[in-house]
Amino acid sequence: MEDEGIVQLYLQRSQQAITETRNKYGAYCRAIARNIVANHPDTEECENDTYLAAWNAIPPHLPRRLLVFLGRITRNIALDKHGYNTAKKRSRQFEVILEELEDCLPAAETVETEHAAGETAQLINEFLYGLEEGARNLFIRRYWYADSIESLAGRFGMSSSKVKSSLFRTRNKLRVHLDQGGVHL
């Protein structure tokens, strides 16, 4: 079923919308959640919570791209679950990804930094659109989808060390771009 048809089912409050969403995007949502929470029960919970969140969000929101809409919901739910799971203990799997970006992004803990977060997001988008497609895809797969270095190496036909060095260079370019844009770390 096409995305427009699925959205129409949500608007009609038809439970078939959940079934169609699961059929078309279930594997996509599970992959995002699995890369972040890294265990099967939590992955399933995140997937199911995504369907509930989509049910509650459509209407009033009408997603332009259902894939992106569901991906964002799943990622946010998985990040919340990860935070809950690691509140008292540290899980190294996803923490490594966060640490890689730590030097590129300011912490958003004050009113001023919250305001700057919108400007930072705009600068990051500009930076990503300016990257060569391969570097952009590598960066997004690592830092949005939380793919492992090994899976990136396989996906892009590169060695693990080449993936690491490419991500390192891209993070350095991002840091310079943010600094030139007025975001000082």
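The values are calculated or read from the model by the stated rules, or taken from the named source; none is laboratory data. Model, not experiment: these values are computed from the prediction. Ideal geometry is used to build each Cβ from the backbone, glycine not excepted, and the neighbour counts take in all protein chains shown. Note: areas computed on protein heavy atoms with side chains; ligands, DNA, RNA excluded. Shrake-Rupley method; radii C 1.70, N 1.55, O 1.52, S 1.80 Å.
Structure notes:
- Residue in the stretch 54-72 that is under 21 Å from residue 147 (Cβ atoms) and aromatic (Phe, Trp, Tyr) present: yes
- Any chance residue 117 is at pLDDT 75 or above, farther than 27 Å from residue 9 by Cβ, open to solvent by 40 Å² or more (accessible area, probe 1.4 Å) and not in a loop (DSSP other than H, G, I, E, B): no
- Residue list for the stretch 121-140, filter: among the aliphatic types (A, V, I, L, M), in a helix (DSSP H, G or I) and more than 14 Å from residue 163 (Cα to Cα): 121, 123, 124, 128
- When 11, 52 are checked against the criterion of being surrounded by fewer than 16 Cβ atoms within 10 Å (Cβ to Cβ), touching a Pro at 6+ places or on another chain (Cβ under 9 Å) and not acidic (Asp, Glu), 11 stands alone in meeting it.
- The stretch 7-60, residues that are in a loop (DSSP other than H, G, I, E, B) and either of a type outside the set (A, V, I, L, M) or modelled with pLDDT of 95 or more (or both): 12, 13, 14, 15, 39, 59, 60
- Some residue of the stretch 72-84 being modelled with pLDDT under 85 and either more than 30 Å from residue 6 (Cβ to Cβ) or surrounded by fewer than 19 Cβ atoms within 10 Å (Cβ to Cβ) (or both): yes
- Which listed residue is open to solvent by 60 Å² or more (accessible area, probe 1.4 Å) and at pLDDT 90 or above, from 168, 139: 168
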